[in-house]
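The values are calculated or read from the model by the stated rules, or taken from the named source; none is laboratory data. Here the structure is a predicted model, which means the values were calculated and not measured. All Cβ positions, even for glycine, are placed from backbone atoms using ideal geometry, and neighbour counts span all protein chains on display. Side chains included, ligands, DNA and RNA excluded: accessible areas come from the protein's heavy atoms. Shrake-Rupley method; radii C 1.70, N 1.55, O 1.52, S 1.80 Å.
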Amino acid sequence: MDMLRWLFEAKLDFPGGGFLLWREVLGNLFGLASALGGMRRKVWAWPVGIFGNALLFTVFMGSVFGSPLYANLLGQAGRQIMFIAVSIFGWYRWRQSKRTADGAAVEPRWASNRVRLGLVVALVGGTAVWTPIFTALGSYAPVWADAWIFMGSLLATVGMAKGWVEFWLIWVAVDLVGVPLLFSAGYYASAFMYIFYGAFTLTGFFIWWHVRNRNAEKVLVETAFPDPRVSR
């Protein structure tokens, strides 16, 4: 009980009245660990991320949980719930998938052009739909940025579960909007983490791209030069 009370009340104070909530720091660290696991295509990335999402939900609904930060970011809070739901799906999908040759849980692949177009339409259209909803609920302005982050996070998480290489680029689009929004709302730990995520997600994109190309080349070689022992 004391640990739970500490978790909700603890903050790191700075001169001039600034502070960081330890819940926000810990939630983002769990998120980073989940991203590292996702880069390595490890199943444990999903449950680790879920725990971080639960912590961050309590942070972004500040006024509900008695936080010193009262700027409720409904898109940020809502996406934590969405993360948990989609992560359960991704966790199940990766657990059920056949392990790759390197022991990873998923084989990276490119999405089709039709899927790519659908992702762009869903991101823009979903932002337009959620913006007035979040505005009516009292989300922090600019509300379209909160809606963009919500939709981008949803699409990126689904893309990760599907094994699409492009999901990393969706995260980059989320980070570009998320950094200035979080700084303006006073969520400094999350803002700095988003800056780091921006570089991290680009790295993840190139790593998955490399794995995809390497596997494709391996298939071509095996097709052109089949192992004679297999036909015996």
note = Of the residues in segment 205-217, those that are open to solvent by less than 20 Å² (accessible area, probe 1.4 Å) and either farther than 18 Å from F167 by Cβ or at pLDDT below 90 (or both) come to V211
ask   = Which of the residues belonging to segment 20-44 are assigned to a helix (DSSP H, G or I), touching a residue at least 24 places away in the same chain (Cβ under 8 Å) and closer than 14 Å to W91 by Cα?
value = A35, G38
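Do we have T127 as surrounded by 13 or more Cβ atoms within 10 Å (Cβ to Cβ) and more than 24 Å from G31 (Cα to Cα) here? Steps first, please.
Values: surrounded by 13 or more Cβ atoms within 10 Å (Cβ to Cβ): yes; more than 24 Å from G31 (Cα to Cα): no.
Considered against the rule, which asks whether it is surrounded by 13 or more Cβ atoms within 10 Å (Cβ to Cβ) and more than 24 Å from G31 (Cα to Cα), T127 comes out as no.
Only one of L32, L7 is in contact with a Phe, Trp or Tyr (Cβ under 8 Å, 6 or more places away or on another chain), modelled with pLDDT of 70 or more, open to solvent by 20 Å² or more (accessible area, probe 1.4 Å) and under 28 Å from G186 (Cα atoms); which?
Details: L7 fails: modelled with pLDDT of 70 or more.
Unique residue meeting the criteria: L32.
State all residues of segment 158-170 that are open to solvent by 30 Å² or more (accessible area, probe 1.4 Å), within 25 Å of Q96 (Cα to Cα) and part of a helix (DSSP H, G or I); if no residue qualifies, say none.
Step one: list which residues in segment 158-170 are open to solvent by 30 Å² or more (accessible area, probe 1.4 Å), which gives 158, 162, 164, 169.
Filter once more, keeping what is within 25 Å of Q96 (Cα to Cα): 158, 162, 164.
Selection gives V158, K162.
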task = Determine whether L55 is modelled with pLDDT of 85 or more and open to solvent by less than 20 Å² (accessible area, probe 1.4 Å).
result = yes
key: Within segment 130-144, considering residues that are touching a helix residue (DSSP H, G or I) at 6+ places or on another chain (Cβ under 6 Å) and over 14 Å from A77 (Cβ atoms), the one least open to solvent (accessible area, probe 1.4 Å)   = T131
